[in-house]
1. I'd like the full set of residues that are over 20 Å from the mean Cα position of the chain (by Cα) and of a type in the set (S, T, N, Q), limited to the stretch 143-192.
2. What residue, of THR147, THR139, is surrounded by 18 or more Cβ atoms within 10 Å (Cβ to Cβ) and polar (S, T, N, Q)?
3. Six or more apart or on different chains, Cβ atoms under 8 Å: show the pairs whose first residue is in the stretch 286-299 and in a helix (DSSP H, G or I) and whose second is at pLDDT 75 or above and open to solvent by less than 40 Å² (accessible area, probe 1.4 Å).
4. With respect to ILE174, is the statement that it is β-branched (Val, Ile, Thr) and touching a Ser or Thr at 6+ places or on another chain (Cβ under 8 Å) true?
5. Filter the stretch 294-331 for residues that are under 18 Å from VAL158 (Cα atoms), at pLDDT 75 or above and open to solvent by 30 Å² or more (accessible area, probe 1.4 Å) and give the result.
6. What residue, among those in the stretch 116-145 that are at pLDDT 90 or above and of a type in the set (A, V, I, L, M, F, W, C), is farthest from GLY233 (Cα to Cα)?
7. Quick one: is ILE280 at pLDDT 90 or above, open to solvent by less than 10 Å² (accessible area, probe 1.4 Å) and closer than 30 Å to THR45 by Cβ?
8. Somewhere in the stretch 39-58, is a residue open to solvent by 50 Å² or more (accessible area, probe 1.4 Å) and either closer than 15 Å to ALA203 by Cα or at pLDDT 90 or above (or both)?
Amino acid sequence: MREYLLTLCITAAVTYLLTGPVRKFAIVAGAMPEIRARDVHREPTPRLGGIAMFFGLCAGLLVADHLENLNEVFADSNEPRALLSGAALIWLIGVLDDKFEIDALIKLGGQMIAAGVMVMQGLTILWLPIPGFGLFALTQWQGTLLTVALVVITINAVNFVDGLDGLAAGMVCIASAAFFMYAYRIWYGYGLEAAAPATLFAAILMGMCLGFLPHNMHPARIFMGDSGSMLIGLVLAAGAISITGQIDPDAMNLFSGSERNTVHQTVPVYIPLLLPLTIIAVPAADLVSAIVRRTWRGQSPFAADRGHLHHRLLEIGHSHSRAVLIMYFWSALIAFGALAYSVNSASMWIVLGIAALSALGLGLLLLPRFTPRAPRWAEHVVPPRYRRRRAARTGSAPALDGLQASEHGDHGDRAATAPAAAAEAREPSALGLHGSTALSELSSSPRAHERERAHERTHERERAHGLSGGTGRK
């Protein structure tokens, strides 16, 4: 465990320290695209955060290769090298996309090629443990297709959810923490060395996300971009593939005793089939809903829009930070709920706890629908948004308006200030000025007086001249 924690810390430190220079490089390189209609941020923000995350991955693998116990992972398995090869390829595609905005189909082809590279080097699904049937051995083509499909789905699910500051990195960090606990239990509890690569991948993935999060939390100073989201999606898929299709359940000695006990004991065998799905359950649900929504409208499944789950949370009324925390909550509930069920599937307390937390999560989702107000005796200890607001009463405003303001919050404020605003709007008419002529009349009055005086002087001169002329004629 100490070596896993050391690898995690080294990965996080390298990622954290490199993110600052990478941000400056992204600004110089011009990797700051214009704000699009679907974007949430207000100012152009540099991308290419995946560069720091990739070097953190390389540092984690390098450190693990020189540790006494983790060195056996590199000696007995080719999976770390397969992961590094696939990660380098998908990272290069992401960097090009962050800079030049390459086509979606080209990215999809690159994702499939990266998955194929990992399959060629041994990181593939060999068999599937199916409940009620046992082990189902896969042919080479079946294993390749299933591996490529899992990698592509996971990469795009993580990429789709990367829409708010800190959202993708935080959700993947939570998922990898749950996966690390599961893989470590299989490796240490059952003594299966085949689970060691997946445990190492999960520890490195946690370090990558933890090192990048301080720079990416709202307001974000840098985005991971596709170079980061596709990279962490591939590492997450690699760990799931490693522990799902290469661990022999017979080596865990679970098939003994009565049939009922065997069913309960083999739950940890079948959880790998579900855990890779549960840890990306929220991104996968967002991915499926986006595909259905866009095809229903006659659009391409890769067309961008503002219909993702995080966009809907903002439309409901959640703030940016609260929307991210709610997504964190649901990811943790699903991932750690599945982990707890795999440890003790017969415990009713686990099921009740998951149900209670799910109800809490639904309450958090609907929180903007309610406007709670604290009683007056507690107003000095609660945040200002929960205090009763009193409208500023004027001399002409009735007392009833102030009472309504204290009872209805913001709506009362607007209702109480409406009469005062109307009185202010009527003030110009009381001065004899109205509409658009008020300002012009006020501004032109001095000139009008001068013209009147000049006109009077002219009349006086004409009258005086007329009087003198008449006298002379007489």
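1. Scanning the stretch 143-192 gives THR144, THR147.
2. Of the residues listed, the single one that is surrounded by 18 or more Cβ atoms within 10 Å (Cβ to Cβ) and polar (S, T, N, Q) is THR147.
3. Once the first residue is in a helix (DSSP H, G or I) and sits in the stretch 286-299, its partners that are at pLDDT 75 or above and open to solvent by less than 40 Å² (accessible area, probe 1.4 Å) give ASP286/ALA157; ASP286/PHE160; ASP286/VAL161; LEU287/ASN156; LEU287/ALA157; LEU287/PHE160; ALA290/PHE160.
4. yes
5. Within the stretch 294-331, LEU325, TYR328, PHE329, TRP330 meet the criteria.
6. The selected residue is TRP141.
7. no
8. The answer is yes; a qualifying residue exists.
The values are calculated or read from the model by the stated rules, or taken from the named source; none is laboratory data. Computed from a predicted structure; not experimentally measured. Quick reminder, even Gly has a Cβ in these numbers, built from the backbone with ideal geometry, and neighbours come from all protein chains shown. With ligands, DNA and RNA removed, areas are computed over all heavy atoms of the protein, side chains included. Shrake-Rupley method; radii C 1.70, N 1.55, O 1.52, S 1.80 Å.
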